[in-house]
Amino acid sequence: MSHQITVQPSGRQFAAEPDETILAAALRHGLTMPYGCKDGACGACKGKVLSGQVDHGKALAHALTEADQAAGLTLYCCAKANSDLNIECKQMSSASDFPIKILPARIEKLERVAPDVIDLHLRLPGSEAFQFLAGQYIDFLLKDGKRRSYSLANAPRADGFIELQIRQVPGGLFTEQLFNTLKLRDILRFEGPLGGFFLRQDSTKPIILLAGGTGFAPLKAIVEQCLADHSARPLHIYWGAKARVDLYMHELPEKWATEHAHIKYQPVLSEPAATDAWNGRTGFVHQAVVADFPDLSGYQVYACGSPLMIDAAKKDFIEQCGLPEEEFFADAFTFAAP
């Protein structure tokens, strides 16, 4: 027996089957809500159950705490309806204009931009249109049905190319192949576009773009989209990394800031090496934002990086700087769940 899901404040409704998560049901009906890993690890899809009963499923304890559950929160990527539900999701939209496809792609470029980061360019089939929103991600389809998710690092282009920036994970099922055995002209299969992290173009608010490590990739796509649209919205880019080598495309945001008056760039290193001769800012990157913007009430924030960075940034931006919760958009980078 299916259950009816009603979403507030939009009033949208859809049906969920007994063994179907709320997120899966929404996507099946062509509706998009914020989500990231789909494994119950990142917390991007956390929302409130206003009425009804859910099974929280495989949600991990750090992403959905006991206090969260007591407050009526759940992770929509894991939760299954045990009754008709009334839930809250302020960022729901229709995904019907961007159908999810499974496509082949040919490797056109493999450039190691840091010791543990590869800039990967793929060419799509000329006969296939692949539409996506700047900030979304794709799943590579691997053997035995396994998947690995990576953000698209470019805005939509007409030439059939997509770009990804991928950090090597020791022993990683996909990254070990990418760094050691894959070569130019090899074919990869992927599914996409996926995810609810994308540029909201219905706002004129200035934007804080907060990146940790390869979290720079989807933010790069968002900046490219703004430039392509000739948008004058102020963009404040904060890129945090451990050492200078980890700012693997440092010259690119510097170039943006030099050429465009509405773009500012602030790199922050947490543990600069002695050989870096670093004279810039140090510490946690989100704390640099707090120091520079004590009042975020009139801003939007797009944050991408580790779950710890995302959680800390969201808490401090809302509690200390007055950022409206609905103006915080995030994509937490996690390893695949065991």
Q.
Please check: in the Gaussian network model of the chain (C-alpha springs, under 10 Å), which one of Ala155, Ala277, Ala288 has the largest mean-square fluctuation.
A. Ala277
Q) What 222 nm value per residue comes from the helices of the chain, counting each DSSP H run with n ≥ 4 as -39,500 (n - 2.57) and dividing by all residues, nearest 500 deg cm²/dmol? A) -5500 deg cm²/dmol
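Hey, what D do you get for region 207-332 in µm²/s if you plug the Kirkwood alpha-carbon radius into Stokes-Einstein at 20 °C and 1.002 mPa s? Walk me through the numbers on the way to the answer.
Numbers: Rh = 14.6 Å.
Reported coefficient: 147 µm²/s.
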Q.
For region 101-194, I need the span (max minus min coordinate) of the C-alpha atoms along each principal axis, in Å, sorted largest to smallest.
A. 34, 30, 25
Q | When region 187-246 is reduced to its Cα atoms, the Kirkwood hydrodynamic radius in Å | A | 13.3 Å
**Q.** Cross-link partners of Lys46 among lysines (Cα-Cα below 16 Å; sequence separation of 8 or more within a chain)
**A.** Lys38, Lys58, Lys80, Lys90, Lys314, Lys315
Q | the chain: equivalent-ellipsoid semi-axes (sqrt of 5 x gyration tensor eigenvalues, Cα, Å) | A | 31, 25, 19
Q: Give me the Kirkwood hydrodynamic radius of region 1-120, using the inverse of the mean 1/r over all pairs of distinct Cα atoms, in Å to one decimal.
A: 15.7 Å
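Bear in mind these aren't lab numbers, they're just calculated from the coordinates by the rules spelled out. Keep in mind that this is a model prediction, so the values were computed, not measured.
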